[in-house]
Structure formats: C-alpha cells, structure tokens
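The values are calculated or read from the model by the stated rules, or taken from the named source; none is laboratory data. It should be emphasised that the depicted structure is a prediction, and the values quoted were computed from it without experimental measurement. For neighbour counting, all protein chains shown are included, and Cβ atoms are generated from backbone atoms with ideal geometry for every residue, glycine included.
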Amino acid sequence: MLTAFVNINSFSQVRVSFDAVSAETGSEEGAPVGPGPNPISPEMKELVWGAGSFIVFLILMRLFLVPKVRKGMASRYESIQADHEYASATRDGAQADVARYESAVAEIRSEAARRLEAARQTLDKERTEKIAQVSARIAEQRAQAEAEVAASRAAAQSQIVSAVTAVTTRATQIAVGVSPDSAVVSRSVQQAMEGKRS
Amino acid sequence: MEALSKIVKAAADAATGDEKNIAAAGSAGFAYGLAAIGPGIGIGMIFGSAIEAMARQPEAAGMVRTTMFLGVAFTEALALIGFVVVILLKYA
Amino acid sequence: MIINSILSFEFPPINELLRWRDVVPGLNKVGLIAIASALIGTLIFLSAARKDPKVAPKGTRNLAEVIVEFIENNIIMQTMGRDGLGWTPFLLTLFLFVYLCNVPGIIPFIQMPATARMAIPMFLAVLVWVVFNAQGIRHQGPIGYFKNLMFPPGVPKALYILITPIELISTLIIRPFSLAVRLFANMLAGHLLLVIFALLSEALFQARDRILIPIGIFPFFMLVFLTGFEVLVAFLQAYIFTILAAVYIAGAVHPEH
C-alpha cells in the first residue's frame, strides 16, 4: 500500500518535473538542468521509447528473423543428417565391395592351390612311373648279367670237368693200365665237384 | 535497539527539513541493513544445498542450476525491495 | 563525514546521477540505449538471416545460433518442455533486449544500464504479466484459469481461506512487481556501486594531501573488480528475467506444474 501510494505520488511529481525539464531543454542547450528525475518512478519518455523499440524488435524477430534463422538451422541439421546417411551408405557399399573382393581373392587362391596340387600329383605320378621303369630296366639288365655269369660259369665248369676227367682217365690208365669207363669217371668227377661245392 | 529508538525518536521529533533528511538517511541505512539479513542467509542456504545436490548427482546439475537461479531470484527480490524502499525513504 | 572533510568530497544525490540531457526533446540517453539495443539485436539477426545456412556458421550467424540454442536448451527445455519451443521468438527477444539494455552499464563512456531506470523493466514486466494471463485464459478458459489460480488443486479445503488470497496476490500483484523491481534494483545498485568507487578513487587521486593519493589504488581495484562482477550480473539478470517469464507462461499453460 505504501509503495503504491508513493508510486502514484511520485509519478505525478515526475510528470511535472518532466514537463519542466523538457521546457527548459527546449530553451537552452547546455549543462544538465533541473534536480534530476526521481530514481524510482518511471519516466514517460523512457517508457515510450523503451516500449516502442521493444515492440518493433519483437515484431521483427517474431515474424521474420527468428523463423528464418531457425529454418536455416533446421535445414543445415537436415543436410548434415542427409550427408551422414549418404556417408554411411557409401561406407556400407565400400565394405560390401571389400567383402566381394576378398571372397574373389579367396576363391582364386583356392583355385590356385587346387591346380598346384593337381600338378604336383601329376608330377608325382610321372616320377613314380619313371622310377618304376628305370628300376625295371635295371632289374632286367641285372638278370641278364646274372644269366651270362651263370652260363659262363657252367661253361667253365664243364671245361674243368672234362679236363679233370681226362686227367683222371689218364692217371688211372697209367696206374692201373686199364682205361676206365669214361662215363663212370665223368659222373664221379661231377659228383665230387658238386659235393665239394655244396 | 537503542539506535533504532533514537532514529525513530529523531524521525518523530524532526520538524524542519534538514533534521528530517538526517533521520530519513539514518533509518534508510537501518532499513537496508535489516532487509539484507534474511535474503543473505537464504541465498547462502540455496547455494549450499545446490552445491550439495550437484556433488551428489552431477548428472542432474543442469536442472539443479536452473532451479537454483529461480530460488535465488525469489529470495534476492526481498533484499532488492529493501534497496528500493531505501531510495523511496530518501526521495519520495 | 571524515572523508568528506578531508577530501572536500560530497557524494551527489542519486537523482543527479540519473539526470541526462535530452538529445532531442523527449529522447534521452536511456531511450537512446533502448533504441540502440533493439537495433543491435535486429542487425545481428538480420545479418545472420542473410547468410547461407548450409555452410558452417561464422560470425553473426554463429552468434545468433548460439543465442537461439541457449534459449531453447537452457530456458525453454528446462521450464516449458518440448511444446514450449513456439515461445522461442518472444523469450529470445526478451533476453536479448534486456541483456543489451544491461550491458551499457559496463561499456566505457556509456556507463548507464537502460534497465537502471524503472521504465523498461516495468514495461517488460507488465508485458509478461499480460502474456501469461492471456495464455492462461486462452488455454484453460477464463473460469478455469481463475479457478485454478484461486483454488489450486490438491490442497485441503479448509486451507483455501489462507491460500486463496495469498495465491491471488502473489500471482497478480507480486509477480510483475518483483519481476520489474528485481531487474531495476539490481542494475541500479550495480550502477551506484560503480559510481561510488569511481568517485572515491577520483577524489583520492586528486587529493590535496599527497599521502592520500596511493590509497586511491584500493577503490580503483574495487572498481575494476565490480566492473567484472557487473558483466556477470548483466547476463544473469537477463537470464533470470527470461527464465521467470518462461516459468510463469508454462505455469499458466499447464496448471498442474
């Protein structure tokens, strides 16, 4: 109540003093005039200018400026969002390409390994074949040589037998004077030699 | 209390303008001193509680800060009304 | 008294500190600051709106977007929620205008916050009062609004004798009064503090007694410190004014809060 009373009171005072000040200011341009305004009560000219500029500012902001700035912000957020989506889509595509490339590489690698294995097996087979051939030939030659050896040994043995038979026959003829039966001699010589050998 | 009674007595006795001004100045200072006590304590309590709340739950700091400023604004209004009353006593 | 006699220094009465010569008849410094702050705010947003929104924001565009996001995230989302975002232009204008009227208090050679005079805070408080009452009537109907105002739900019936007058007075009278007085008194008190320390340090620096001159450093330091403090206060008062307007409007639109 006190403040309201005081306000009303001082408001009228200020009205009066405002009129006085403006009247004096109109007359001379110089140092500040009058005792100054009441520090509490509002002054009419300040109220009018403050209210007017605020209302103009508010209308401008409300109707044009803030919606425009806000729309710009929203559109930029949307474009950033769209860019994000585009980037993630591109990244997914690139990752799919990488996966495809890697699967192709794996396929080719396995194909190469398969071919290598096949070639290796072919070579292996040929090698074993060649080795078998060669060892067969060696065995053949060895058998041939052994046969030759046996033949020559048999020939030599028969020569020795005939020689020993002749010698034995001659020795017996000299010792006994009777020429022995050559068949018996040769058989006994043969027996003696084979017994000795075996 | 003695000072207050002196001031009130001076204000009551004041008849001429100069004495009235002196009494008004004295009581204005006294009025502001009284008006500042309560809000001072109140703002201290608000900030203390807000700091405690923020320390306990740092994730709620934004909400606590907003509410803290609201509380400070309401409490501080009392001290500022005291300040205005001082000017009123001196000039109105 | 002692200081007065030593320095022959007399502190001028407050109304002399607030006395400004009219630039043209009917327009003084406070009106000029109000016009300038409306103009500066308009120019910032005009130059921001003219820039290409697609590229990364720079300069005024960045400033405008920071202000918009501050209002939306720190004021509207905290008090009104998502459906209060339509109030961005009003609260943004309120914040910017109050801030730009507060800031001249610390700009050298201007040194006068326009809100340290009662006119602008009173007008803005009345405007907020009209807006939140109109919103309450629009959203709840005239009968529903005043019913919710006088008989807040969830209170025992016997307490209505006590609560109804308190609520009525606090909503319809105390709210605009404290809104206006808070802003005005904060800015005026800050202005007076700056004036006191400036005058005191000036008087000490020019003292006839040479020994007093170095002492003038202390009020000068205090002046610098208080100027820094006023930077904070200018922002904080604009923020509090706007957030209280948002709280009042939100309370009128949704009575259950």
Task: The one condition in (1) modelled with pLDDT under 90; (2) buried (at least 16 other Cβ atoms within 10 Å of the Cβ) that residue C:210 fails to fulfil - done: (2)
Open item on the list: Just the residues that are surrounded by fewer than 17 Cβ atoms within 10 Å (Cβ to Cβ) and of a type outside the set (A, V, I, L, M, F, W, C), please, taken from segment C:213-254.
Closed with: C:214, C:228, C:254
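Would you say residue C:33 is aliphatic (A, V, I, L, M), surrounded by 23 or more Cβ atoms within 10 Å (Cβ to Cβ) and within 23 Å of the chain's Cα centre (by Cα)? Talk me through it step by step, then tell me what you get.
Values: aliphatic (A, V, I, L, M): yes; surrounded by 23 or more Cβ atoms within 10 Å (Cβ to Cβ): yes; within 23 Å of the chain's Cα centre (by Cα): yes.
Criteria met by residue C:33.
Looking at C:50, C:61, C:21, which one is of a type in the set (D, E, K, R) and buried (at least 21 other Cβ atoms within 10 Å of the Cβ)? Steps first, answer last, please.
Details: C:50 fails: buried (at least 21 other Cβ atoms within 10 Å of the Cβ); C:21 fails: buried (at least 21 other Cβ atoms within 10 Å of the Cβ).
Exactly one residue qualifies, and that residue is C:61.
Can you tell me which of C:112, C:118, C:150 is within 11 Å of chain A (Cβ to nearest Cβ) and at pLDDT below 95? Can you show your working first?
Numbers: C:112 fails: within 11 Å of chain A (Cβ to nearest Cβ); C:150 fails: within 11 Å of chain A (Cβ to nearest Cβ).
Sole residue among the options that is within 11 Å of chain A (Cβ to nearest Cβ) and at pLDDT below 95: C:118.
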Task: residue A:53 within 14 Å of another protein chain (Cβ to nearest Cβ), surrounded by 10 or more Cβ atoms within 10 Å (Cβ to Cβ), touching a helix residue (DSSP H, G or I) at 6+ places or on another chain (Cβ under 6 Å) and part of a loop (DSSP other than H, G, I, E, B) - done: no
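Considering only segment C:193-231, state which residues are among the aliphatic types (A, V, I, L, M) and under 26 Å from residue C:15 (Cβ atoms).
Kept after step one, since they are among the aliphatic types (A, V, I, L, M), are these residues of segment C:193-231: C:193-196, C:198-200, C:203-204, C:207, C:211-213, C:215, C:217, C:222-224, C:226, C:231.
Once the filter is applied, which keeps residues that are among the aliphatic types (A, V, I, L, M) and under 26 Å from residue C:15 (Cβ atoms), segment C:193-231 yields C:193, C:194, C:195, C:196, C:198, C:199, C:200, C:203, C:204, C:222, C:223, C:226.
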TODO: Assess whether residue C:140 counts as being buried (at least 18 other Cβ atoms within 10 Å of the Cβ) and farther than 21 Å from residue C:242 by Cα.
DONE: yes
Task: Scope segment B:30-67; condition in contact (Cβ under 8 Å) with a residue 40 or more places away in the chain and surrounded by 14 or more Cβ atoms within 10 Å (Cβ to Cβ); matching residues - done: B:31, B:32, B:35, B:36, B:39
TODO: Just name the residue that is nearest to residue A:46 (Cα to Cα) out of those in segment C:1-55 that are small (Gly, Ala, Ser) and modelled with pLDDT under 80.
DONE: C:8
TODO: May I ask you to say which residue of A:81, A:95 is within 46 Å of the chain's Cα centre (by Cα), at pLDDT 85 or above and either at the interface with chain C (Cβ under 8 Å from one of its Cβ atoms) or farther than 23 Å from residue C:71 by Cβ (or both)?
DONE: A:95
- [ ] Quickly run through segment C:91-103 and pick out the residues that are of a type in the set (Phe, Trp, Tyr) and either in contact with a His (Cβ under 9 Å, 6 or more places away or on another chain) or more than 7 Å from chain A (Cβ to nearest Cβ) (or both).
- [x] C:95, C:99
